[in-house]
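The values are calculated or read from the model by the stated rules, or taken from the named source; none is laboratory data. None of these values were measured; they are calculated from a predicted model. Every residue, glycine as well, gets a Cβ built from its backbone with ideal geometry; the counts of neighbours run over all protein chains shown.
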Amino acid sequence: MSDEKKLSLVTFQVFQDEFEFLGVENKLSPAGNSDFGFFWDNFFKLGGYDNIDPYAADPKDTNVWYKNEAGEQIYFQGKMVKNVKKIAEGYSLVKFPASDYLILTHEWLPTFAEAQKYGIGFGRKHIKTVELPYGFAKYSDYEFHITEIEKDNANTPNGSRIEHWLPIKKLR
């Protein structure tokens, strides 16, 4: 594949039940200049997925972008979990409500390395312009605290891709 690889947008809708998420929370800078390299170095310094995997309800590496109760934007690295018995130092366990999501992604790529090279941020750049399913709308900032879920759908029998989950609500 060349650096000019043109990916096609793939969208589909799912319903995600209420879930618990275990990982490391990072406060994002309001100015938009957060150091994601630092976030990832710190995540692995604290133990990375080793502190999460024993409780993983979904094996996919996931990041949840949300607003906490103080109104701060959080980048939360970890996985969906269940039956957590011990939270390692530096980690947090948060319960998120059920919701419908529109998944924005790209076609399956042969390797996860290719998905990382071409697909990181691909779905996110379409969030503002994507056509929503009939009868659904985006949440406003104050209605729902998750702004996006990012999942690494890696090394499946179909290949690999990066998914961006946009929470949506059914219109009345």
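Data table
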{"quantity": "Residue ID - surrounded by the fewest Cβ atoms within 10 Å (Cβ to Cβ), chosen from residues in region 155-172 that are among the basic types (Lys, Arg) and more than 20 Å from PHE96 (Cβ to Cβ)", "calculated": "ARG172"}
{"quantity": "Residues (exposed (fewer than 11 other Cβ atoms within 10 Å of the Cβ) and within 24 Å of ILE168 (Cα to Cα)) located in region 1-29", "calculated": "SER8, PHE15, ASP17, GLU18"}
{"quantity": "Residues within region 107-129 that are over 23 Å from PHE36 (Cα atoms) and either without any contact (Cβ under 8 Å) to a residue 40 or more places away in the chain or surrounded by 15 or more Cβ atoms within 10 Å (Cβ to Cβ) (or both), tallied", "calculated": "3"}
{"quantity": "Test set (1) charged (D, E, K, R); (2) within 24 Å of MET80 (Cα to Cα); (3) surrounded by fewer than 18 Cβ atoms within 10 Å (Cβ to Cβ) - ASP152 fails condition number", "calculated": "(3)"}
{"quantity": "Whichever residue in region 134-172 is among the hydrophobic types (A, V, I, L, M, F, W, C) and more than 18 Å from the chain's Cα centre (by Cα) and, among such residues, is nearest to LYS67 (Cα to Cα)", "calculated": "ALA137"}
{"quantity": "Residue in region 107-127 that is assigned to a strand (DSSP E or B) and modelled with pLDDT of 95 or more present", "calculated": "yes"}
{"quantity": "Test: residue in region 65-76 that is within 19 Å of LYS125 (Cβ to Cβ), surrounded by 14 or more Cβ atoms within 10 Å (Cβ to Cβ) and not polar (S, T, N, Q)", "calculated": "yes"}
